[in-house]
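First comes the structure, then the notes that go with it.
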Amino acid sequence: MVSMFPWTAPLFRLAGRRWSEDDFRILAESLRQFVPVGGVFADLGGGTGHLGAGVARILGARVIVIDVVRQMLRWVPTDPLVSVRLATAEALPFPAAYFDGLLCCDALHHFKDQERAVQEMARVVRPGGGVLVVDAEPTGLNRAVAVFERFLGEPGAFRKTDDLCRLMEAYGIQGEATAQRGGSYLFLGVVSK
Ligand SMILES: C[S@@+](CC[C@H](N)C(=O)[O-])C[C@H]1O[C@@H](n2cnc3c(N)ncnc32)[C@H](O)[C@@H]1O
């Protein structure tokens, strides 16, 4: 089945406006300990890139918005701190230890092979670098979201946080997840040295 993202890209562009300065600041504060001014981080499954661009501005760092859907990347804001790369999370076209950090928001549950994607995260982020994943647990309303996404041909593979922490740890990313509103969570981990 064809992915829903090529035809929903204009909607995601509008949805990018849901991110507030506070959202940018909260995520930037989590990444700041890993991503110095002038450093570089990935926004994996970054879509239209509004979140990555906002976080990059606050950090004073470069971001590479990585997405498998060309139509999403078309809307990424033009900014000297922001560049794009068309690629799949499961095979990232970057050398080992290229990034100081990585952000992956509302995208992990869309990846067809999460294990491979996490392995790639651990490879492309430098030892001591940070991995920040924002996603949701398969609870409450998110169960219905998963069913709907599967109907649209997506994996809809939301993970429980303990399961995600185990997966991360298996590839050398040590961290913990903090619960947010509506079953969402924020996982922050460090790539082991
Ligand atoms: C719900 S959108 C989230 C976009 C953005 N991170 C945000 O929070 O606004 C999920 C994104 O993941 C991308 N995606 C899905 N599977 C992917 C994969 N295997 N590799 C890279 N990107 C992928 C989709 O194309 C889409 O842009």
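The values are calculated or read from the model by the stated rules, or taken from the named source; none is laboratory data. Predicted, not measured: the structure shown is a model, and the values here were computed from it. Cβ coordinates were reconstructed from backbone atoms using ideal geometry, including for glycine residues, and neighbour counts include every protein chain displayed.
Quick notes on this one:
- Of the numbered criteria (1) over 21 Å from Phe34 (Cα atoms); (2) modelled with pLDDT under 95; (3) out of contact with any helix residue (DSSP H, G or I) (no Cβ under 9 Å at 6 or more places or on another chain), the one Thr161 fails is (2).
- Cβ-Cβ under 9 Å pairs, at least 6 apart or on other chains, region 103-117 side closer than 13 Å to Met168 by Cβ, far side within 8 Å of the ligand (Cβ to nearest atom) and β-branched (Val, Ile, Thr): Cys104/Val134; Leu108/Val134; Ala117/Thr88
- Here Glu29 passes the criteria (1) surrounded by fewer than 24 Cβ atoms within 10 Å (Cβ to Cβ); (2) within 15 Å of the ligand (Cβ to nearest atom); (3) closer than 16 Å to Phe187 by Cβ except the one numbered (2).
- Scanning region 110-149 for residues that are at pLDDT below 95, surrounded by fewer than 18 Cβ atoms within 10 Å (Cβ to Cβ) and either among the aromatic types (Phe, Trp, Tyr) or away from the ligand (no atom under 14 Å from the Cβ) (or both) yields Pro138, Thr139, Gly140, Leu141, Arg143, Ala144, Val147, Phe148.
Here's the yes/no breakdown for (1) within 15 Å of the ligand (Cβ to nearest atom); (2) modelled with pLDDT under 90; (3) surrounded by fewer than 22 Cβ atoms within 10 Å (Cβ to Cβ); (4) within 13 Å of the chain's Cα centre (by Cα):
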site	(1), (2), (3), (4)
Leu11	yes, yes, yes, no
Phe24	yes, no, yes, no
Gln33	no, no, yes, no
Asp43	yes, no, no, yes
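- Of all residues in region 72-97, exactly one satisfies the criterion of being hydroxyl-bearing (Ser, Thr, Tyr), part of a loop (DSSP other than H, G, I, E, B) and over 19 Å from Arg17 (Cβ atoms), namely Thr88.
- The condition (being without any contact (Cβ under 8 Å) to a residue 60 or more places away in the chain, more than 9 Å from the ligand (Cβ to nearest atom), touching a strand residue (DSSP E or B) at 6+ places or on another chain (Cβ under 9 Å) and over 25 Å from Ser192 (Cα atoms)) is satisfied by just one residue among Ala53, Ala96: Ala53.
- Thr139 outside any helix (DSSP H, G or I), β-branched (Val, Ile, Thr) and over 21 Å from Ala28 (Cβ atoms): yes
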